[in-house]
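Below is one structure, written out as C-alpha cells, with a few remarks after it.
Read the figures in this text as sums done on the coordinates, not as results from a lab. Computed from a predicted model, the values in this text were never measured in an experiment. Backbone-built Cβ (ideal geometry, glycine too); neighbour counts: all protein chains shown.
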Amino acid sequence: MLWIIGFALVTILSVVFALKNKRPLWLVVPFASILAFMFVKIAMVPLPFWETVQFIFNLRG
C-alpha cells in the first residue's frame, strides 16, 4: 500500500510541476519511476536477469 501512495504522490507532484512550469517533460517522471521500480524488483529475483525476464513473459502463454 505504501508503494501505491508513493507513486500517487509522484504522479500528483509531476502534474502540478508540469502545469506550473508549463513543461510537459515532468509528465515522464511517473512512468520513469514505475519503470525503475520494475527493474529493481526484477533485479531482486535470485536468478540471472535475462532468465527472469524470459520467465515473466512466458507466464502469458
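The table for this structure:
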{"read-out": "Distance between modelled label sites at residue 10 and residue 25, nm, 7 Å Cα→Cβ extension", "value": "1.8"}
{"read-out": "GNM result for the chain, Cα springs below 10 Å: residue of 27, 47, 13 fluctuating most strongly", "value": "47"}
{"read-out": "For P(r) over Cα pairs in 10 Å bins from 0, in percent, calculated from these coordinates, the label among (1) 22, 46, 21, 7, 3, 0; (2) 22, 43, 25, 9, 1; (3) 21, 35, 27, 15, 2", "value": "(3)"}
{"read-out": "Residues 33, 14, sorted so that the one with the fewest Cβ neighbours within 10 Å comes first", "value": "33, 14"}
{"read-out": "Kyte-Doolittle mean at least 0.0 and Cα axial length at least 18 Å: DSSP H helices in the chain", "value": "2-21, 29-43"}
